[in-house]
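Worksheet: one structure, shown below.
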């Protein structure tokens, strides 16, 4: 198993996580002929050193799995997988530690295969500080629009408590927070979220705050970018969103 199917077994998030898709395999002998719509076979070289047994199946190792996704694209899906693999994440209700490193993925991309140059350029966009697929895609949408906020920026409340923001345009005093699909798991979590945002708005570095849902990021990215641009170019008066 390889590509997105291997990513699922390694509990690496992709933009298709939770969505049924074709099973993906790699044929090291380069001889398989695909005959089923629900199965995708990649006919690319695969040395034995890139294969490991997991849950009774032969699976590509994590660095090779991520490298294959980078070569195959699309960019956003591949970088969601890269950043998921590099960080602590809660996947399937369970917290998972990082399963690879940037150096290991970079090494796995060194083989001169189709898409190697493009995938190397994409890998340089990866940031292991991203906390969720929605944060990854939001950052990429801002990047494509020429916006360069600080990621996971640290600010301090007047009484000295530290708080981290998903994104901060420090000079403009604009904070941008991305709310994951399952962010409010309970009333207590919702109350903690409200308390945290109230504290963030007390930080001298933050004069304005924009919040976007994961649905906004995935389904209305142009609107999200437009709102951020408007906040960056609008009056400097404090505005609370």
Among (1) more than 21 Å from residue 2 (Cβ to Cβ); (2) surrounded by 18 or more Cβ atoms within 10 Å (Cβ to Cβ), the one test that residue 146 misses: (2)
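Do you know which of the residues in the range 195-204 that are modelled with pLDDT of 85 or more and assigned to a loop (DSSP other than H, G, I, E, B) is nearest to the chain's Cα centre (by Cα)?
Let us first name the residues in the range 195-204 that are modelled with pLDDT of 85 or more, namely 200, 203-204.
Still in the list and also assigned to a loop (DSSP other than H, G, I, E, B): 203-204.
On the way: 203: 27, 204: 29 Å.
For the range 195-204, the residue satisfying everything is 203.
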Might you check whether a residue that is out of contact with any helix residue (DSSP H, G or I) (no Cβ under 9 Å at 6 or more places or on another chain) and touching a residue at least 40 places away in the same chain (Cβ under 8 Å) occurs anywhere in the range 186-201? yes
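Conditions (1) in a loop (DSSP other than H, G, I, E, B); (2) in contact with a strand residue (DSSP E or B) (Cβ under 8 Å, 6 or more places away or on another chain); (3) in contact (Cβ under 8 Å) with a residue 40 or more places away in the chain, marked per residue:
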site	(1), (2), (3)
24	no, yes, no
49	no, no, no
63	no, no, yes
66	no, no, yes
76	no, no, yes
Spot the failing condition for residue 168; the list is (1) free of Cβ contacts under 8 Å to residues at least 12 places away in the same chain; (2) surrounded by 15 or more Cβ atoms within 10 Å (Cβ to Cβ), and only one is missed. (1)
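Let's see how each residue does on (1) without any contact (Cβ under 8 Å) to a residue 40 or more places away in the chain; (2) not assigned by TED's automatic domain parsing to the domain that holds residue 212:
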residue	(1), (2)
86	no, yes
97	yes, yes
100	yes, yes
109	no, yes
122	no, yes
138	no, no
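The values are calculated or read from the model by the stated rules, or taken from the named source; none is laboratory data. Owing to the predicted nature of the structure, the values given are computational and were not obtained by experimental measurement. Cβ coordinates were reconstructed from backbone atoms using ideal geometry, including for glycine residues, and neighbour counts include every protein chain displayed.
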